[in-house]
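Have a look at the structure below, then the notes.
The values are calculated or read from the model by the stated rules, or taken from the named source; none is laboratory data. Since this is a predicted model, take the numbers as computed values, not measurements. Because the Cβ atoms are built from the backbone with ideal geometry, glycine has one as well, and the counts that use them run over all protein chains shown. In case anyone asks, the SASA skips ligands and DNA or RNA and just uses the protein heavy atoms, side chains included. Shrake-Rupley method; radii C 1.70, N 1.55, O 1.52, S 1.80 Å.
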Amino acid sequence: MAQEITLSSKAMCEAAEREIETIAIEDALRLHGRDDVLLVDIRDPRELARDGKVPGAFHCTRGMLEFWIDPESPYYKPQFGEDKKYVFFCAGGMRSALAAQTANRMGLKPVVSLKGGFAAWKGAGGPVEMVAPLARLGAYFSFPGYFMHERKTRQRETFRSVPLDRLLIETDAPDQLPPDDLNPHPLTDPSGP
């Protein structure tokens, strides 16, 4: 029997947005760098590596949020015990609305969510820290050929700051091939033409 989902993620996000305070990018840019404010980035580590991060933001994946906020949890992080305003953000604002709702319900205050998330931050010209710290640690960055497609301009731009000796070109992703005109050695099926 197929599952019947009775509450959509869209409805959950809309309900969260009615319950929390959401701030515009202009407000977030003004708050950035203040001692009484902590920007909390809840994106996945892959998103940070791919798209960059806001300098000074505290990274807390969405999956650990409740455990890091709860002082009774063995995973508690003292950043959530400070007398600060917490500005949650994700890539586009939906996960951060849910995270802000949860944090607020747990008693963390004041908590707000950034409307438009990291996309709004980058779009407004907010500072972004990308690869330097990771490259210094010896990290490699994976670049699929698929990013060479014209519609992937933003993803390509992300990789401009990667040192060439730290860049890995993915060749084992047949579902993410570069455009035909940029693929001098297309993958072929060895069993036939």
Among chymotrypsin sites (Phe, Trp or Tyr not before Pro) in the stretch 68-137, those in a DSSP loop whose Cβ has at most 16 other Cβ atoms within 10 Å are Tyr75, Tyr76
Of the listed links Lys109/Lys152; Lys85/Lys122; Lys85/Lys152; Lys84/Lys152, those spanning more than 31 angstrom between alpha carbons are Lys109/Lys152; Lys85/Lys152; Lys84/Lys152
Cβ under 14 Å from Gln79's Cβ, Gln79 left aside: what net charge do those residues give with Lys, Arg +1 and Asp, Glu -1? -3
From the Cα trace of the stretch 1-149, what convex hull volume per residue do you get, rounded to a whole Å³? 178 Å³
Which FRET efficiency, nearest 0.05, do Ala49 and Ala2 yield, Cβ-Cβ r, R0 30 Å? 0.25
Give the accessible area for Glu66 in Å² (nearest 10); use a 1.4 Å probe, count only protein heavy atoms, and leave out ligands, DNA and RNA. 60 Å²
If r is the Cβ-Cβ distance from His149 to Glu82 and R0 is 35 Å, what FRET efficiency results, to the nearest 0.05? 0.20
